[in-house]
Amino acid sequence: MVEISLEGKIVITGNIRTETGLSIGGATVGLDIGGVDNPVIKNAEGKPYIPGSSLKGKMRSLLEKANGLATDDKRIWVVPNEISIHMCNEPECVVCNIFGRTTRKEPYSSPGGGAIKIEKENVTPTRLIVRDAVLSEDSVKKLRGLKTDLEFTEVKWENVIDRITSAATPRQMERVPEGAEFKFGMIYNVFTESDKSNLREVFKALELLEHDYLGGSGSRGYGKVKFEDVNVYWNSKADYENGDVDTETKTSINGEYKTPASIVKNFEAIKEKIK
Ligand SMILES: [Zn+2]
């Protein structure tokens, strides 16, 4: 691994608003639980949340495709014949740098049929950390007031068409109603100059996600989300030294640009403030 040292951390906060119902599971855990076979994932308090891993996975897959890195010969199996991700040896690869690159003794097998060996010197840490997005206090109140089918969620009957027999089977789908708001948080570590430029890709991923979907049943129109009131903070190494890292009192570096698209559009000016 190349010797790297931390220059600072970008803290990104904001809201995710559901513009259609959101069905983010939870594997199917059986009909006896709430009588729904597509349960929404919830925390210990019973409130739905968006797992950071789901959000990050979706961002990664959208960026892989948008950067032409999703072809089979550029992917490795993470779970054999089931889950594959992009990984390569290109030092400046944006996806490998944002999401990290690991190696192991044996080369990785690739869906393209060959093998991909990640060289030791190309191993690089993950820059992006994505927290679980939690339901806002305001949404908790509103959803309680709505008296939905289940606490905080609604249940919809959907016809699931068997692809082979074309038979329609009605299934109950649990979903977070449209208009719900989740608070999200991300940390992006800056080690090098190119990390600063690559930050743009994080917001590009959010732009792409707004025109894609989160969770399941995207083809039914589920999972349309919008990122709102986005704030980007820069904490330099010195800021950690001085305890000047409180986002409550700090000024964000994205100024009036609070959406992924406006941040991408004005990225060069925002990037100037990362120093
Ligand atoms: Zn790569």
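The values are calculated or read from the model by the stated rules, or taken from the named source; none is laboratory data. What you see is a predicted model, and the numbers here were worked out from it, not measured in a lab. As a convention, Cβ positions derive from the backbone with ideal geometry for all residues, glycine included, and neighbour counts pool all protein chains shown. To get the accessible areas, we keep the full protein, side chains included, count just its heavy atoms, and leave off ligands, DNA and RNA. Shrake-Rupley method; radii C 1.70, N 1.55, O 1.52, S 1.80 Å.
Scan segment 85-124 for residues that are within 22 Å of Asn198 (Cβ to Cβ), within 14 Å of the ligand (Cβ to nearest atom) and either open to solvent by 50 Å² or more (accessible area, probe 1.4 Å) or polar (S, T, N, Q) (or both) and jot them down.
Correct list: Asn89, Glu90, Pro91, Glu92, Asn97, Thr102, Thr103, Glu119, Asn122, Thr124.
With the requirement that a residue be more than 11 Å from the ligand (Cβ to nearest atom), open to solvent by less than 70 Å² (accessible area, probe 1.4 Å) and of a type outside the set (A, V, I, L, M), what does segment 72-84 give you?
Once the filter is applied, which keeps residues that are more than 11 Å from the ligand (Cβ to nearest atom), open to solvent by less than 70 Å² (accessible area, probe 1.4 Å) and of a type outside the set (A, V, I, L, M), segment 72-84 yields Trp77, Ser84.
Exactly one condition in (1) without any contact (Cβ under 8 Å) to a residue 12 or more places away in the chain; (2) farther than 24 Å from Gly14 by Cβ; (3) open to solvent by 90 Å² or more (accessible area, probe 1.4 Å) is false for Arg144; which is it?
(2)
Mind listing whichever residues of segment 23-47 are in contact with a Leu (Cβ under 6 Å, 6 or more places away or on another chain) and modelled with pLDDT of 90 or more?
Of everything in segment 23-47, just one residue is in contact with a Leu (Cβ under 6 Å, 6 or more places away or on another chain) and modelled with pLDDT of 90 or more, namely Lys47.
What number of residues within segment 52-71 are within 14 Å of the ligand (Cβ to nearest atom), crowded, with 17+ Cβ neighbours inside 10 Å and not aliphatic (A, V, I, L, M)?
Residues in segment 52-71 being within 14 Å of the ligand (Cβ to nearest atom), crowded, with 17+ Cβ neighbours inside 10 Å and not aliphatic (A, V, I, L, M): 3 in total.
Quickly run through segment 206-219 and pick out the residues that are more than 15 Å from Val232 (Cα to Cα) and either touching a helix residue (DSSP H, G or I) at 6+ places or on another chain (Cβ under 9 Å) or surrounded by fewer than 18 Cβ atoms within 10 Å (Cβ to Cβ) (or both).
Across segment 206-219, the qualifying residues are Glu207, Leu208, Leu209, Glu210, His211, Asp212, Tyr213, Leu214, Gly215, Gly218, Ser219.
Any residue at all in segment 226-249 that is touching a residue at least 12 places away in the same chain (Cβ under 8 Å), surrounded by 21 or more Cβ atoms within 10 Å (Cβ to Cβ) and in contact with a Leu (Cβ under 7 Å, 6 or more places away or on another chain)?
Yes; the residues of segment 226-249 include at least one that is touching a residue at least 12 places away in the same chain (Cβ under 8 Å), surrounded by 21 or more Cβ atoms within 10 Å (Cβ to Cβ) and in contact with a Leu (Cβ under 7 Å, 6 or more places away or on another chain).
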